[in-house]
Amino acid sequence: MNKPIDFDLLRQQIVEGLRKELSAVRDADPAESFYAYALSTDSEVEAVFWAANSEESLSRQLSGYSREPTPDDIDDERWIPEQWSYGGTLDEPTDTIADWSDGLTDGNICPNDPTAPYWTIREKILDTFVEALAELDAAGFFGDAALREETTLLVSYTEGNWDQTLAWAKRLNPPGVCERLPLFDETPMKPREEAEFQPDQDLLSDVERDFLCLASRGKHAKLASIHEEVGIRELVLNEALVLAARTGKADVCSYLLQVGANPSHQGYGHRTPREIAEQEGRKRLLPLLPSGGRPDEVSPELRYALDKEIHHLLTVVIPQQRAPE
């Protein structure tokens, strides 16, 4: 049996943990101009992450690009919490959720029935994130009225739907703040034959796309089966390792390292798996991911095209696979 969640306790744990973490960050870097704070979770709602970003850290992130950042790059870095410089795990609320989620089978985690108890509890957890941020905001933690017009509060989840993030943002922020947020999901993805790279430069096979999806979802056994059957090229193994680190899938990271993935690869988001684990507080991944090493040499053109592919996977393909029918 899974332990029921005490949502009042969960909200209190999030409020106290977030106040502590953000206060420490702001005290450590008083010259930074923080423009956004977020609570997020993984795609299966099994952990609580916090994130923050400042104008100065955004500039540092963009200056690290090996090419001129595009408007899409700038929007991604500015508004997607997984890309931000400050962040980590809130341990106490994560443990509270884990007491409920431990023991759930894969079928129960992603049931096709949208009325199943999992979905009701999942939405209540995410609503608790909103309530916790609202409580801190009402207490003045994010500044007075003038500062709040320059500060954005977000709730999101890995591979989630941006429209849902916008809906939560409207509950948390003054109208002028929400008007600045981009409409990622309302801009249709170009057909592949009209994309910035040509059809004969199609980068990923259907099997490789499936492999990346499975890596982000923690499907270790299926990954091994595919790799043993068809052999996945090293570039895709490396990208899969980055995605597994983003979603905290330790068993997948371990497997991919065993079959030759490069832990120094700078993949989607222009970070190595080790950097992702350090910046996002995924402590259990750190012993698996060595520091140092030499990143692969990937041309700016190939990196850009790969980023387009993987952005499509994260924002379109994977959310569609997860949605209940």
- Any chance Ser264 is under 19 Å from Ser66 (Cβ atoms), at pLDDT below 80, surrounded by fewer than 20 Cβ atoms within 10 Å (Cβ to Cβ) and not hydrophobic (A, V, I, L, M, F, W, C): no
A careful count of residues in region 17-41 that are in contact (Cβ under 8 Å) with a residue 40 or more places away in the chain and either touching a helix residue (DSSP H, G or I) at 6+ places or on another chain (Cβ under 9 Å) or assigned to a strand (DSSP E or B) (or both) gives 12
Within region 212-235, the residues that are more than 19 Å from the chain's Cα centre (by Cα) and either closer than 14 Å to Gly260 by Cβ or buried (at least 23 other Cβ atoms within 10 Å of the Cβ) (or both) are Leu223, Ala224, His227, Glu228, Gly231, Ile232, Arg233, Glu234, Leu235
Residues of region 163-218 being at pLDDT below 55 and not in a helix (DSSP H, G or I), in sequence order, are Thr187, Pro188, Met189, Lys190, Pro191, Ala195, Glu196, Phe197, Gln198
With the first residue restricted to region 251-264 and required to be closer than 15 Å to Ala277 by Cβ and free of Cβ contacts under 8 Å to residues at least 24 places away in the same chain, and the second required to be aromatic (Phe, Trp, Tyr) and part of a loop (DSSP other than H, G, I, E, B), Cβ contacts under 8 Å at 6 or more apart or on different chains are none
- Do we find that Asp95 is part of a helix (DSSP H, G or I), modelled with pLDDT of 70 or more and surrounded by 14 or more Cβ atoms within 10 Å (Cβ to Cβ) in this structure? no
Being surrounded by fewer than 18 Cβ atoms within 10 Å (Cβ to Cβ), modelled with pLDDT under 90 and in the same structural domain as Leu153 (by TED's automatic domain parsing) narrows Asp42, Asp75 down to just Asp75
Reported set for region 132-149 where residues are closer than 19 Å to Trp79 by Cβ and modelled with pLDDT of 95 or more is Leu133, Asp137, Phe142
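The values are calculated or read from the model by the stated rules, or taken from the named source; none is laboratory data. Predicted model, so just to flag it, every value in this text is computed and none were measured. Neighbour counts run over all protein chains shown; Cβ positions are idealised from the backbone, glycine included.
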